[in-house]
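Novice: Following this message is one structure expressed as structure tokens.
The values are calculated or read from the model by the stated rules, or taken from the named source; none is laboratory data. Computed from a prediction, not measured in an experiment: that's the story for all the values here. FYI the Cβ positions are ideal-geometry reconstructions off the backbone, even for glycines, and counts take in every protein chain you see. Areas reflect the complete protein model, heavy atoms only, side chains present, ligands, DNA and RNA absent. Shrake-Rupley method; radii C 1.70, N 1.55, O 1.52, S 1.80 Å.
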Amino acid sequence: MAAAATMTWHEELATLVGDTGVRLPAVAGGAAPAPNSAAAVGGGWYGEEEEGKVEEGWAQQARGFAESTAEMLRELGLGVWDVAAQSLAGAEDSELARRLRRPAAAAGKRLSFMNEYLPEDRDPVRCWVVVAAVAFVALLGVGSSDDTPVEQPKKLYISPPNAKRFQLPDGRHLAYEEKGISADRARFSLVAPHSFLSSRLAGIPGISSSLLEEFGARLVTYDLPGFGESDPHPGRNLNSSALDMLHLADALGIVDKFWVVGYSGGGMHAWSALRYIPDRVAGAAMFAPMANPYDSKMTKDEKRKIWDRWSTKRKLMHILARRFPSLLRLFYHRSFLSGKQGQPESWLSLSTGKKDKTLLEAPTFNTFWEKDVAESVRQGDAQPFVEEAVLQVSDWGFSLSDIQMQKKEDQGVFEFMKSLFSQAEREWVGFLGPIHIWQGMDDRVVPPSVTEFARRMVPGATVHKLLDEGHFSYFCFCDECHRQIFSTLFGTPQGPLNPAPESSEVAPEPAEETSPAYEEVAEQEQETSGLA
């Protein structure tokens, strides 16, 4: 008891703890301190530096703290994972899982078409989880503030209505515009339905009046239903589109056959004219005409070549038009229906080549583009644009192979075998007039593989391959290109027709005109003869 009373509190604590197995470093003399040494314990508590001990730096302390924190987070994650695994064990047999199993399977089956665009060696579930996470992070960054000043886009200027219009048999009004020769003097008449996000102001962009006069051509353009100043037609299809062209030609006094011009998305309306009113069409001039990328007669290789040339956003727009057309309104109202001016690449989800980029940056094209888009969105309604996008990727009501078909007749075995080796014996029905297709080989909007498919479906078409040309460069604002096109279609220019005078009127004989220079020469000759 006396010994216990004389113990310090350091020594008393050391006796209570016992030997922990911790050995302090040796002192200078080389002897290790006793495990229960009060001096050693006291020196450790009070931080008395022992001789030969190196102090730990801040870098080592930070590293140790980071390693400890990482180890703790790892252990925490493993614990959460174990808890979640135990909680979800047997969840597939729960009432909630049974109720959700069937809708989840149906939704997965409906969205399975999107797996075609994933690499074959990737798990769709993991890939789409990553895509969803990246999209969520991207959306979070949309509203991030940026102090860098950005030039605000200008507003679209929509001019007052000034189009010529006529009434169709169903009561709708169709707006149109004429260029070139008048109806009574026109040698050739051309009707041009416009492409997506365009109007009657497009026609053949940059076509000169002198060229139309030289070839005696009359160019008629019109607004599709719901575009520009034409009334909408909710139940429209490609059959009604062909009938609109027919009524337009009749209203404008086009008695003879007319040529149809189809550029880009307007190509499907030109194809419909060849299918439904072939007896009124003299020929077709196609420029990178759009085909249905979901056509059942298109091979997998043709589809792959088409989709590979498109940008990701353009692919998405076609998928939405095919599967979820109601979502297109959101995209349209945020782009060309926003009332602001924009560029074709962003509004139409295009990827362009070298020549197209040069043309799209030219002031002439920008001025035309602004006027054409403003006229196209005049009514401010997204429905006509949704209808046009859906028409492009839906069943057209016909296939391109229906435009020119081989006539099938009952024939014997000998005649059938003979027809296999003789092209002359084959008889084609449908539209048998000339079909010319111009295709830029650097076109990334309507890839050349689309024209290859059209050529396979329509054997009588003549394809003109344009090296280094894009989607816009050959068709828009190229005088030499337009001359080549007209020369191919119409041959040597012969000018307009001269209407014959009526029988009751006799044309007066033209008076002989004498130039002043000729009169002076005659007077000099008379004076000379008089002197002689």
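Novice: Could you please state, rounded to a whole Å, how far the C-alpha centre of segment 237-253 is from the C-alpha centre of segment 425-487?
Specialist: About 24 Å separates the Cα centre of segment 237-253 from the one of segment 425-487.
Novice: For segment 330-335, in order, what is each residue's ³J(HN,Hα) by Karplus, 6.51 cos²θ - 1.76 cosθ + 1.60 with θ = phi - 60°, in whole Hz (x at glycine and Pro)?
Specialist: For segment 330-335, the Karplus-derived couplings read 4, 5, 5, 6, 8, 10 Hz, x marking Gly and Pro.
Novice: Which percent of the accessible area of segment 256-311 is formed by carbon and sulfur heavy atoms (probe 1.4 angstrom)?
Specialist: Numbers: 930 of 1930 Å².
Its accessible area is 48 percent carbon and sulfur atoms.
Novice: From largest accessible area down, sort 229, 480; use a 1.4 Å probe on the protein chains. If you can, show how the numbers build up before the last one.
Specialist: Working: 229 25, 480 110 Å².
Per-residue accessible area, sorted high to low, gives 480, 229.
Novice: Measure off 7 Å from each Cα along the Cα-to-Cβ vector at residue 187 and residue 74, then give the distance between these two points in nanometres to one decimal.
Specialist: Reported label-point gap for residue 187 and residue 74 is 8.7 nm.
Novice: When only Cα pairs under 8 Å and 6 or more residues apart are kept, what is the percent relative contact order across segment 194-234? Can you show the working numbers first?
Specialist: Numbers: 31 pairs, mean separation 17.4, N = 41.
Over segment 194-234, the number comes to 42 percent.
Novice: I'd like the distance between the alpha-carbon centres of segment 310-379 and segment 255-295, rounded to an integer number of Å.
Specialist: 23
Novice: Of 210, 351, which has the most accessible area with a 1.4 Å probe, and how do the rest follow in descending order?
Specialist: On the way: 210 80, 351 35 Å².
Descending accessible area places them as 210, 351.
Novice: Can I ask one more? Do me a favour and compute the ellipsoid semi-axes for segment 151-214 from its Cα gyration tensor, root of five times each eigenvalue, largest one first, whole Å.
Specialist: 26, 20, 11
Novice: Follow-up. Taking all protein chains in place and a 1.4 Å probe, what share, in percent, of the accessible surface of segment 150-233 do carbon and sulfur account for?
Specialist: Working: 1820 of 3650 Å².
With neighbouring chains kept in place, the figure for segment 150-233 is 50 percent.
Novice: Related question: If segment 285-398 were replaced by its equivalent ellipsoid, with semi-axes equal to the square roots of 5 times the Cα gyration tensor eigenvalues, what would those be, largest first, whole Å?
Specialist: 25, 19, 13
Novice: Sticking with this structure for a sec: What is the set of long-range amide H partners of residue 194 at a cut-off below 5 Å, with H atoms built 1.01 Å from backbone N?
Specialist: HN-HN under 5 Å from residue 194: 222, 224.
Novice: While we're here: Counting only the heavy atoms of the protein chains, how much of residue 301 is accessible to a 1.4 Å probe, in Å² to the nearest 10?
Specialist: It works out to around 70 Å².
Novice: Quick one: which residues, 5+ away or cross-chain, put their amide H under 5 Å from the amide H of residue 295? H built at 1.01 Å from N.
Specialist: For residue 295, no residues qualify.
Novice: Please give, to one decimal in nm, the separation of the simple spin-label points placed at residue 129 and residue 480, each 7 Å out from Cα toward the Cβ.
Specialist: 5.9
Novice: Now a separate question. Calculate the spin-label point distance for residue 329 paired with residue 166, positioning each point 7 Å from the Cα along the beta-carbon direction, and give it in nanometres.
Specialist: 3.5
Novice: So, for segment 309-366, what is the accessible surface per residue at a probe of 1.4 Å, expressed in square angstrom?
Specialist: Working: 3150 Å² over 58 residues.
Result: 54 Å² of accessible area for each residue.
Novice: When you count, for each residue, the other Cβ atoms within 10 Å and take the mean per peptide, how do 305-316, 367-378 rank with the highest first?
Specialist: Details: 305-316: 15.5, 367-378: 19.5.
Going by the mean number of other Cβ atoms within 10 Å, highest first, we get 367-378, 305-316.
Novice: In what sequence, highest mean first, do 58-70, 182-194, 264-276 appear when ranked by Cβ atoms within 10 angstrom?
Specialist: Values: 58-70: 9.7, 182-194: 20.8, 264-276: 25.1.
Descending mean neighbour count gives 264-276, 182-194, 58-70.
Novice: Ordering 200, 280 from largest to smallest accessible area (1.4 angstrom probe), what's the sequence? Show your work: numbers first, answer last.
Specialist: On the way: 200 5, 280 40 Å².
Per-residue accessible area, sorted high to low, gives 280, 200.
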